[in-house]
Structure formats: C-alpha cells, structure tokens
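The values are calculated or read from the model by the stated rules, or taken from the named source; none is laboratory data. What you are looking at is a predicted structure, and each value in this text was computed from that prediction instead of being measured. Positions of Cβ are backbone-derived with ideal geometry, glycine not excepted, and every protein chain shown enters the neighbour counts.
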Amino acid sequence: MLAELFSPEQLAILSQIIFIDLVLAGDNAIIIGMVASKFPPDQRKKVIFWGIGGAVILRIILTLLTAYLLQITGLRLIGGLLLLYIVYKLYVDVIKGAEQEEDIKVDNSSFLKAIWTVLLADFTMSLDNVLGVAGAAGDHYGLLIFGLALSIVLMATAANLISGWIKKYKWIAWVGLFAILIVAVQLIYTDIRIIFNV
C-alpha cells in the first residue's frame, strides 16, 4: 500500500523524517509541561493550550523559512554544520544518558510571561527539529508538510511517552541520530559540490 503511494526514495526520506521527529520533538512538550507545572491547576490547561498554539504557529513559520533558506548556496553548508553539532549534543545527552537539567526561570505571577517563556524555549529547541526535517525533505514539499504535522502532533500529545521509549529502547535514539547525521552530510556535500563545481 505504502509502496504504491511513495517511491523508494520518498519512503527513505519519510522514515528519516519520522525518526528525526521521534528523537527531537519530545523536548518541546516537556518544556511546556515544566512551565505549566508552576501554575495553579485552573491556569495550567490555558498555559498548555496557548503554549502549544503559539509553538505550532512558530514551527510553521520556521519550517517555511528554513525550506526557503536551504535553497540558497552556502546556507546548506551552515545548516549541515549546525546539524553535526546537534548530533554531537544528542549523543552526549541521549545516548550517553547525561542528566540534563533545563534551566528555565518561570515567573508564575503572569500568564503572558509564561506563554512568552514557552515560545522562547520552543524557538531555541524547534530549530534543530525544523532544520533536520527540512534538510531531509529537500524538494519534497508534501513530505515537509507531513514532517511538520508529525512534529506538532508528537509535541502536543506523545512527548512523555516518546521520551520513555528512547530511555528504554536506545536503538530508537541511535536511528534518529544516524538519520540526522545523514541529513547533515547530504547538506554539506550538496553545497561543497556547488561551491567547488565538483
């Protein structure tokens, strides 16, 4: 069924996108949960709702912008190098299991300040996910939209479940790590070929 809908190349890209999302999308929802936990129960649901809503809009803008920017010669090289750094950070944090305490200062006196905290955290943590998915999708805009939608669904619903899976089944983290590494190498290689006319 899937083979009829997608070519082998598209299936490979789709699997890359899924594993990148699995490894990277969970952090954002955990941040939203941490910020929301500082508020009384009646305000908590509002913080989660508006935090995720704002994060979704931010993610859409970032994805469209990244997909456009990655078409510019030189920026793929920078994107690839940034992804290599993300691979290293993921290896240290996820594979080696280094305890990472998120240092997020939350002013729970103001609802708007909490939403702002969520958006700032999501902006800094969405870049790796968006860059990975946009790099993997390339010119396949349907797959890019799928990757964006999947990351939003994972962020909104399944973050704690996924982080539990990754801790229990290290192979998921390894596959995600290799998927990001492949995207990084492809981005760097594409730009080097263009720059040096190889």
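A few notes on this one:
- Tally, over region 178-190, of residues that are farther than 13 Å from Leu82 by Cβ and touching a Lys or Arg at 6+ places or on another chain (Cβ under 7 Å): 1
- Of the criteria (1) modelled with pLDDT of 75 or more; (2) in contact with a helix residue (DSSP H, G or I) (Cβ under 6 Å, 6 or more places away or on another chain), which one Tyr88 fails: (2)
- Counted residues, region 33-74 - those being under 16 Å from Phe111 (Cβ atoms), outside any helix (DSSP H, G or I) and among the hydrophobic types (A, V, I, L, M, F, W, C): 1
- Any hit, region 18-27, residues being among the β-branched types (Val, Ile, Thr), modelled with pLDDT of 85 or more and crowded, with 16+ Cβ neighbours inside 10 Å: yes
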